[in-house]
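Q: Let me begin by handing over the structure; questions about it come next.
Every number here is computed from the coordinates shown, using simple stated rules; none is lab data. Predicted model only: the values in this text are computed from it and were never measured. Note that we place each Cβ from the backbone using ideal geometry, even for glycine, and neighbour counts take in every protein chain shown.
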Amino acid sequence: MVDARRIYDRCEALARHSEQPDGLTRVFLSSEQRAVDELVLGWMREAGMEARLDAIGNCVGRYEATEPGRACLMLGSHLDTVRDAGKYDGMLGVVTAIECVAELHSTGTRLPFAIEVVGFADEEGVRFGATLLGSRAVAGSFDRAVLDAVDASGVSMRDAMTAFGLDPAHIGDAAHRRPHILAYAELHIEQGPVLESLGLPVGVVTAINGGNRVSIEITGTAGHAGTVPMHLRRDALAAASECVLVIERLTGSAADVVATVGRLVVSPGATNVIPGNVRFTLDVRAPTDDARHAARTAMEAECRAIAQRRGVDIAIVPLWDARTSACDTELQQQFAAAVEAERMRVHRLPSGAGHDGMALIDIAPIGMLFVRCKGGISHNPAEAVDVTDVDAGARVLLRFIRHFQPPDAR
């Protein structure tokens, strides 16, 4: 049986390696990453795997098949964090996968396929502003232009890799080829409140939502708060406020679509001045690309209409567009069968957050299992999981591994 307490304790051990003395922040190519790599590689070896750092700095452990050299089922998640993070986002998936391999090894079990566990060095993109760096390197889609990106201290990714002991010229060596990966599966905390609201410890993920981010700027006329009559104003904030509310209304009428205005900057920002300029962000996500594009189109059209009616100018600039990454239907069914076999109710749900599977889908079918988290809170020091839920997720993942059938074989 898997040891849920050991999984929990190891997540606690990883959380102690942080650039914050009173919180958790661990970024790509940092001294904190090096300390975590040493722990993870050691745990991989204890679990019976051959373990190494690859060319981008991912921790990679391989547990051979009954016949060495066979294609692998890849498991894992990321080891980096956002700033002021929680202890389980990413780390729980890596440590649980290692624990499952340890259980196989303890009973001398080898499978017809190899298992590779990967702790991705950068998923969050905090240091250099580009996400999924570790998994994009594995998928062979790493953009070498990112090597010239610089962090807040002016250090380029190229120089940071060199200082870490890696050679930027050899990033391509981390790439896997499609025939060598049968599938990618990841256990992850839900990062939302759905499972908790249903009273369920785990859920089967249907898709990693696609997303759009746009920047919207509304320009009116700043003026004296006491001298300009209401009907003669071109108030940028009033127009932006109406836009925010119409975005909320449109989102509420579209199933499984979520939209967020997360940042709003008002200028000139004085108590006695009518706002002349407002810039805000819009983030739209959905489990299907058609629904997402339709929602975004409707929101932008309504915002333009509001601006025209109020006599203000509007500029909408796209910032990010990520396609939906659908989880393989056969892998979903295999996870569902494992949940049922562990005497739990199956619930399927999409992931509103991004994950490494968004990169790995280019070279393999992907599947995900969510584990309930307290209050649905994530990317926050209050992020928490219960040991009994960790146990449930680990048992499901182990059963999934034992009975795994490559989707191409169906």
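Q: For Asp313 and His231, compute 0.36 nm times the residue count separating them, minus their Cα-Cα distance, and round to one decimal in nm. All intermediate terms of the calculation are to be shown ahead of the outcome.
A: On the way: separation 82, 0.36 × 82 = 29.52 nm, distance 1.71 nm.
Difference between extended and current length: 27.8 nm.
Q: Give me the percent of DSSP beta bridges within the chain that run antiparallel, rounded to the nearest 5. Intermediate results must be reported in sequence, preceding the final value.
A: On the way: 43 of 63 bridges.
Counting DSSP beta bridges with both partners in the chain, the antiparallel share is about 70 percent.
Q: Over all Cα pairs of the stretch 210-322, how is the pair count split among 5 Å bins, expressed in % and running from 0 up to the last occupied bin?
A: Taking all Cα pairs of the stretch 210-322, the binned fractions are 2, 13, 23, 22, 16, 11, 7, 4, 2, 0 percent.
Q: Once fully extended, how much extra length lies between Ala294 and Glu217, figured as 0.36 nm per residue of separation less the alpha-carbon to alpha-carbon distance? Let's see the in-between values first.
A: Working: separation 77, 0.36 × 77 = 27.72 nm, distance 2.12 nm.
Full extension of this stretch gives 25.6 nm more.
Q: Just in the stretch 325-372: which trypsin sites (Lys or Arg not before Pro) are loop by DSSP and have at most 15 other Cβ atoms within 10 Å? Walk me through the intermediate numbers first.
A: On the way: sites: Arg343, Arg345, Arg348, Arg372; in loops: Arg343, Arg345, Arg372.
Here the trypsin sites (Lys or Arg not before Pro) that fit, given the DSSP loop and packing criteria, are Arg343, Arg345.
Q: On to the next question. Obtain the nm distance between the two label points defined at Met1 and His105 by a simple spin-label model: each point lies 7 Å from its Cα along the Cα-to-C-beta direction.
A: The two pseudo-label positions are separated by 2.2 nm.
Q: If packing is taken as the mean number of other Cβ atoms within 10 Å per residue, what is the order of 8-16, 90-98, highest first? Numbers along the way, then the final one.
A: Numbers: 8-16: 17.6, 90-98: 29.2.
Order by mean packing, descending: 90-98, 8-16.
Q: Can you find, among Trp320, Ala236, Pro287, the residue sitting farthest towards the positive end of the charge dipole of the stretch 210-322, where Lys and Arg contribute +1 and Asp and Glu -1 at Cβ?
A: Ala236
Q: Would you work out the charge dipole size for the chain about its Cα centre, treating the Cβ of every Lys and Arg as +1 and the Cβ of every Asp and Glu as -1, and quote it to the nearest 20 debye? Please report the intermediate quantities before stating the final value.
A: Details: 41 positive and 54 negative charges, 165 e Å.
It comes to approximately 800 debye.
Q: Can you tell me how much longer the chain between Val150 and Ala384 gets when fully stretched, taken as 0.36 nm per residue apart minus their C-alpha distance, in nm with one decimal? Kindly include the intermediate steps, with their values, before the conclusion.
A: Working: separation 234, 0.36 × 234 = 84.24 nm, distance 3.26 nm.
Length difference between fully extended and current span is 81.0 nm.
Q: What angle do you read, to the nearest 10 degrees and between 0 and 90, between the alpha-carbon axis of helix 31-46 and the longest principal axis of the chain?
A: The answer is roughly 30 degrees.
Q: If Lys and Arg each add +1 and Asp and Glu each add -1, what is the summed charge of the other residues whose beta carbon sits under 13 Å from the beta carbon of Glu64? Write down the numbers at each step before the final one.
A: Details: positive: Arg62, Arg70, Arg110; negative: Glu50, Glu67, Glu116.
So the surrounding residues net to 0.
Q: Also: Can you give me the Kirkwood hydrodynamic radius for the chain, using every pair of distinct Cα atoms, in Å to one decimal?
A: Details: mean 1/r = 0.0440 Å⁻¹.
Evaluated on the chain, it is 22.7 Å.
Q: Can you give the Rg/Rh ratio of the stretch 280-323, where Rg is from the C-alpha atoms and Rh is the Kirkwood radius? Before the final figure, lay out each step's value.
A: Details: Rg = 11.8 Å, Rh = 11.6 Å.
Result for the stretch 280-323 is an Rg/Rh of 1.02.
Q: Just grab the label-to-label distance for Ser31 and Glu50, each label 7 Å out from Cα along the Cβ direction, in nm (one decimal).
A: With each label point 7 Å from Cα toward Cβ, the separation is 3.3 nm.
Q: Something else: If you count, for each residue, the other Cβ atoms within 10 Å and average over each peptide, how do 255-267, 206-218, 322-334, 358-370 line up from highest to lowest?
A: Values: 255-267: 14.9, 206-218: 21.5, 322-334: 19.3, 358-370: 24.2.
By packing density, highest mean first, the sequence is 358-370, 206-218, 322-334, 255-267.
Q: So if we plug the beta-carbon distance of Asp22 and Leu198 into 1/(1 + (r/R0)^6) with R0 = 45 Å, what FRET efficiency do we get, rounded to 0.05? Show your work: numbers first, answer last.
A: Numbers: r = 34 Å, r/R0 = 0.76.
In this case the efficiency is close to 0.85.
Q: Set the Förster radius R0 to 25 Å, insert the Cβ-Cβ distance between Arg343 and Ser253 as r into 1/(1 + (r/R0)^6), and round the FRET efficiency to 0.05.
A: 0.10
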